[in-house]
Amino acid sequence: MTSNAEKLYKLIANDSKKKQSLFMTALTNPKKALDKICDIGNELNISVTKEEVIEYLSTIDDEATKMWLIKARGGL
């Protein structure tokens, strides 16, 4: 079964404008990027929590994503 966080991730990944906007936000304020991801989910009727997003992203085998998660959790 596909989680809402996974569905939302795939939709954002295929939308270059949303992806670029989130990338720019994540560079300066990773926690705000989490809020924006949840907001996008609400706009698309795909309800997700920050915790669900973090949990899903932690399963992705990508160094850039892993570094961003560390920042979003308050590290670095």
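The values are calculated or read from the model by the stated rules, or taken from the named source; none is laboratory data. Just so it is clear, the model here is predicted, and its values are computed rather than measured. Here Cβ is always computed from backbone atoms with ideal geometry, including for glycine, and neighbour counts include all displayed protein chains.
Annotations
- Only a single criterion out of (1) modelled with pLDDT of 90 or more; (2) exposed (fewer than 13 other Cβ atoms within 10 Å of the Cβ) is not satisfied by Glu63, namely (1).
- Scope the stretch 28-76; condition outside any helix (DSSP H, G or I) and among the hydroxyl-bearing types (Ser, Thr, Tyr); matching residues: Ser47, Thr49, Ser58, Thr59
- In the stretch 1-44, residue nearest to the chain's Cα centre (by Cα) [restricted to those that are small (Gly, Ala, Ser) and surrounded by fewer than 19 Cβ atoms within 10 Å (Cβ to Cβ)]: Ala13
- Qualifying residue in the stretch 25-37 (condition: under 14 Å from Glu6 (Cβ atoms) and touching a helix residue (DSSP H, G or I) at 6+ places or on another chain (Cβ under 8 Å)): yes
- Among residues of the stretch 35-56 that are free of Cβ contacts under 8 Å to residues at least 40 places away in the same chain, those with a beta-carbon under 8 Å from a residue that is in a loop (DSSP other than H, G, I, E, B) and surrounded by 17 or more Cβ atoms within 10 Å (Cβ to Cβ) at least six positions away or on a different chain give the pairs Ile37/Val48; Cys38/Val48; Gly41/Val48.
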